Amino acid sequence: MTSGFSLREELAYFRDLGVSDLYFGGVNGAAPALVPGSMPDLPALQSFIAGCPRCKLAGTRTNIVFGQGNPKADLMFVGEAPGRDEDEQGLAFVGRAGQLLTKIIEAMGRSREDVYIANVLKCRPPNNRNPERDEVASCKPFLHEQIRLISPRAIVTLGTFAAQALLETDEPISRMRGQWRTIRGVRVMPTFHPAFLLRSPERKKDVWEDMKIVRDYLAEK
Ligand code: SF4
């Protein structure tokens, strides 16, 4: 085909050749790379990601979980990846761990609507396995663009993986939690994942100590 044809004409051309399925990217297929700083707002970024084929999780997800909350939040929570409930509903942190996260947010004197909640990966790894390096490399630019657009004063990373992926470190969460880090000028507080707290409720007090540090920082003008 040559330029000068409308999309309709091009589709008709392929149909006449006997092509029944046109493949726009597909799993691991080509898709335009995100140019950092190019998205005007979150809806534009969400549209850009729609149908994303950029890693193999595209082949197993039900829904892309973009993230949700206040687009101008001063506080952002970042987890690892969607789980089963999130994959089914297309929303971040809606399962049991999500309910505990809601309680943590409310204990800080906030509501879920005040903050923004997202994950490093926008699609669920099969059987909730750990994210793989290539998946993180493909998806993390979307998170960075989200952070740029929201421009929070603080980010709380939930669990080992989110902290290590965002801060690009191999340090264990037990050493990172409770201490401010910085990424691109934004303060980052690593803490435990709510799913871990469901298994180890005795660690809730550690998370509460971490959240008090965040709460107090955000209360400063
Ligand atoms: S995990 Fe991210 S990069 Fe991979 S398919 Fe989903 S949205 Fe695209």
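The values are calculated or read from the model by the stated rules, or taken from the named source; none is laboratory data. Keep in mind the model is a prediction, meaning the values are calculated, not measured. Neighbour counts run over all protein chains shown; Cβ positions are idealised from the backbone, glycine included. The accessibility values were calculated without ligands, DNA or RNA, using every heavy atom of the protein model including side chains. Shrake-Rupley method; radii C 1.70, N 1.55, O 1.52, S 1.80 Å.
Residues of the range 137-148 being within 16 Å of the ligand (Cβ to nearest atom) and either of a type in the set (Asp, Glu) or surrounded by fewer than 21 Cβ atoms within 10 Å (Cβ to Cβ) (or both), which ones?
Scanning the range 137-148 gives 137, 140, 141, 144, 145, 147.
All but one of (1) within 16 Å of the ligand (Cβ to nearest atom); (2) assigned to a loop (DSSP other than H, G, I, E, B); (3) surrounded by 22 or more Cβ atoms within 10 Å (Cβ to Cβ) hold for residue 91; which doesn't?
Of the numbered conditions (1) within 16 Å of the ligand (Cβ to nearest atom); (2) assigned to a loop (DSSP other than H, G, I, E, B); (3) surrounded by 22 or more Cβ atoms within 10 Å (Cβ to Cβ), the odd one out for residue 91 is (3).
Can we say residue 157 is hydroxyl-bearing (Ser, Thr, Tyr), away from the ligand (no atom under 16 Å from the Cβ) and either in contact with a helix residue (DSSP H, G or I) (Cβ under 7 Å, 6 or more places away or on another chain) or touching a residue at least 24 places away in the same chain (Cβ under 8 Å) (or both)?
Yes: the conditions hold for residue 157.
Are any residues in the range 103-134 farther than 23 Å from residue 164 by Cα, touching a helix residue (DSSP H, G or I) at 6+ places or on another chain (Cβ under 9 Å) and either open to solvent by 20 Å² or more (accessible area, probe 1.4 Å) or assigned to a helix (DSSP H, G or I) (or both), and if so, which ones?
103, 107, 109, 110, 111, 112, 114 - these are the residues of the range 103-134 that are farther than 23 Å from residue 164 by Cα, touching a helix residue (DSSP H, G or I) at 6+ places or on another chain (Cβ under 9 Å) and either open to solvent by 20 Å² or more (accessible area, probe 1.4 Å) or assigned to a helix (DSSP H, G or I) (or both).
Just to check your reading of the model, which residue among 71, 152 is away from the ligand (no atom under 11 Å from the Cβ), part of a loop (DSSP other than H, G, I, E, B), in contact with a strand residue (DSSP E or B) (Cβ under 9 Å, 6 or more places away or on another chain) and more than 24 Å from residue 178 (Cα to Cα)?
After applying the criteria, what remains is 71.
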